[in-house]
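I have placed the structure first, in the form of structure tokens, so that the comments after it can refer back to it.
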Amino acid sequence: MTEEFIILSSGLLLKYNGTSSNAVVPDGVKKIAKSAFSGKNNIRSVILPPSVTDIADFAFFKCISLASAVIPDSVENIGDFAFSGCENLDSVNIPVRLKSIRNFVFSGCEKLSAVSIPYGTVSIGNFAFSSCFALTSVTIPETVVTISENAFSGCSNLSSVTVPDKFYNSIDTIFADTPWLKDRHNRQASSFKLYGRCQHCGGEFKGFFTQKCSRCGRNKDY
């Protein structure tokens, strides 16, 4: 008989071999090992006990049927690609003790429609939420000091964003290919044109015969 959970005496859940669609991890498990559930397409939900503090890289990578993951607030680390490719994941809670949202951790979670980033989060990694097509809004708290490139790129329905002003110069890469960024640029360009400035950067036009932006060098095109 195949053991459902392979758990070491240290509290490391090394591998899940179960066939149930609802995986309830036993209390006492402290860490989910690298790729422990990866590719387990039968799993629809997973519940982790409050004893878990660490979820390693690729732990739930490409669990394509996984729709719900209950992650306790005891978790302090979730590794790179941990839930990447869980294309049916529509519900997940980010633990309040998690300071760093790692690279690609929720990328490709196509049905993830809402996410709450807790106050106290410090960093958001590369492509952390990229291609989360159902995501419509996100609020980033002031405690975040670093957001890496393409963190929310390709979120094709992301239309509402609250982000601290300190990231103003980085939003083009952080939110690339999102309707929110496109709308922001359109509104900004309209505002600049209203006041006779360059619609691309807001710089002033100089020159008598050919007016050229003193900031970005583009010719006046309106």
May I ask you to list the residues in the stretch 70-99 that are surrounded by fewer than 22 Cβ atoms within 10 Å (Cβ to Cβ), touching a strand residue (DSSP E or B) at 6+ places or on another chain (Cβ under 9 Å) and within 21 Å of Gly18 (Cα to Cα)? Val70, Ile71
From the list Ile55, Ile32, exactly one residue is over 20 Å from Ala114 (Cβ atoms), touching a Lys or Arg at 6+ places or on another chain (Cβ under 8 Å), surrounded by 15 or more Cβ atoms within 10 Å (Cβ to Cβ) and hydrophobic (A, V, I, L, M, F, W, C). Which is it? Ile55
Does Cys198 satisfy being part of a loop (DSSP other than H, G, I, E, B), surrounded by 14 or more Cβ atoms within 10 Å (Cβ to Cβ) and at pLDDT below 95? yes
Write out, first by first residue and then by second, each pair whose Cβ atoms fall under 7 Å of each other, whose residues are 6+ apart or on separate chains, and whose first residue, in the stretch 129-148, is of a type in the set (Asp, Glu) while the second is exposed (fewer than 14 other Cβ atoms within 10 Å of the Cβ). Glu142/Pro164
Criterion first (without any contact (Cβ under 8 Å) to a residue 24 or more places away in the chain and either assigned to a strand (DSSP E or B) or closer than 29 Å to Ser38 by Cα (or both)) does Ser153 satisfy it? no
Out of all the residues in the stretch 13-43, which are among the charged types (D, E, K, R) and assigned to a loop (DSSP other than H, G, I, E, B)? Asp27, Lys30, Lys34, Lys40
How about the stretch 38-52: which of its residues are under 23 Å from Glu76 (Cβ atoms) and surrounded by fewer than 15 Cβ atoms within 10 Å (Cβ to Cβ)? Ile47, Pro50
Testing Gly39 on (1) under 25 Å from Val144 (Cβ atoms); (2) modelled with pLDDT under 95; (3) in contact with a Phe, Trp or Tyr (Cβ under 9 Å, 6 or more places away or on another chain), one condition comes back false. Which one is that? (1)
Listed by first then second residue, the pairs whose first member lies in the stretch 82-95 and is modelled with pLDDT of 95 or more, whose partner is basic (Lys, Arg) and surrounded by fewer than 18 Cβ atoms within 10 Å (Cβ to Cβ), with beta carbons under 6 Å and at least 6 positions apart or on separate chains, are Asn88/Lys111
Which residues, counting only those in the stretch 1-12, are assigned to a loop (DSSP other than H, G, I, E, B) and within 18 Å of Thr53 (Cβ to Cβ)? Leu8, Ser9, Ser10, Gly11
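The values are calculated or read from the model by the stated rules, or taken from the named source; none is laboratory data. Source: prediction; values computed, not measured. As a convention, Cβ positions derive from the backbone with ideal geometry for all residues, glycine included, and neighbour counts pool all protein chains shown.
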